[in-house]
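The values are calculated or read from the model by the stated rules, or taken from the named source; none is laboratory data. Keep in mind that this is a model prediction, so the values were computed, not measured. Note: ideal-geometry Cβ built from the backbone for every residue, glycine included; neighbour counts use all protein chains shown. Just the protein is used for accessible areas: all its heavy atoms, side chains included, with ligands, DNA and RNA removed. Shrake-Rupley method; radii C 1.70, N 1.55, O 1.52, S 1.80 Å.
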Amino acid sequence: EAGVAQSPRYKIIEKRQSVAFWCNPISGHATLYWYQQILGQGPKLLIQFQNNGVVDDSQLPKDRFSAERLKGVDSTLKIQPAKLEDSAVYLCASSLSAGVGTDTQYFGPGTRLTVL
Amino acid sequence: GDSVTQMEGPVTLSEEAFLTINCTYTATGYPSLFWYVQYPGEGLQLLLKATKADDKGSNKGFEATYRKETTSFHLEKGSVQVSDSAVYFCALSGASGNTGKLIFGQGTTLQVKP
């Protein structure tokens, strides 16, 4: 079974530029998550989708971050414009069921973003 | 709000030593508890989980028991190997009002020396 795919793996941009990350979850997984992991910290949820609807985006800085999940499958996370503090690893995860707390989340390899 | 606290790292051990990484949580309701591991250069992967009080999760020689009375989920291994060197994250999900998202601790780095 293929895992969660993410691209690109690394990205370096200057502040005020825009950037987009792509995620392809495990086939058949209803729920997709985007987490931000700042160096030395645990991942923090940015946004959660159930199929193609947003379940939780309370921690997403909506003035600069946006995300969509097309047809309930792939997802794109965008930052525009980027700030220095956005330097982090962006992790995509998926789970089979819809927002069930006992469900295992499967993580992709992440995208490491450096903002100069 | 819900939170997870892990012991500070890094933890440095010799091969075959006993490992304990402490994890305590604050949550309303009855969360599920998880340990995830991040090996160098790799993504997060589930190590073990427990979904109700007194459950014991186990995998690859690691164990953790869900203790509701002490709100703890400490990770243990009887004899560590160099290959266990990684960052370990304790996490919870499914507390009251939680939609399934994981709430992570800050991570504990384990270094095992031969």
Listed by chain and number, the aspartates and glutamates with an alpha carbon less than 19 angstrom from that of B:Lys56, same-chain partners under 8 positions apart left out, are A:Asp103, B:Glu69, B:Glu76
Working note, the protein assembly as shown: Cα radius of gyration (Å, one decimal) and Dmax (Å, whole number) are 17.6, 50
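Restrict the search to region B:37-109; then list the GluC sites (Glu not before Pro) that DSSP places in a loop and that have at most 12 other Cβ atoms within 10 Å of their Cβ.
Answer by residue number: B:Glu42, B:Glu69.
Can you work out the accessible area per residue across the protein assembly as shown, with the rest of the protein chains kept in place, probe 1.4 Å, in square angstrom? All intermediate terms of the calculation are to be shown ahead of the outcome.
Numbers: 10810 Å² over 230 residues.
That works out to 47 Å² per residue.
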With every protein chain in place, the residues of region B:39-66 shedding 50 Å² or more of accessible area versus the chain by itself (probe 1.4 Å) are B:Leu44
Log entry: pair-distance distribution for region A:28-101, C-alpha pairs binned every 5 Å from zero, whole % per bin is 3, 16, 28, 25, 16, 9, 3, 0
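So which of A:Lys78/B:Lys60; B:Lys49/B:Lys113; A:Lys62/B:Lys60 end up more than 32 Å apart, counting from Cα to Cα? Could the numbers behind the result be given before it?
Details: A:Lys78/B:Lys60 38 Å; B:Lys49/B:Lys113 27 Å; A:Lys62/B:Lys60 41 Å.
A:Lys78/B:Lys60; A:Lys62/B:Lys60, as the Cα separations exceed 32 Å there.
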Once accessible area is computed for A alone, B alone and the pair with a 1.4 Å probe, the total buried surface, to the nearest 100 Å², works out to 1500 Å²
For chain B, the accessible surface attributable to carbon and sulfur atoms (probe 1.4 angstrom, ligands and nucleic acids excluded) amounts in percent to 47 percent
Semi-axes in Å, largest first, for chain B (Cα gyration tensor, √(5λ)) are 24, 14, 12
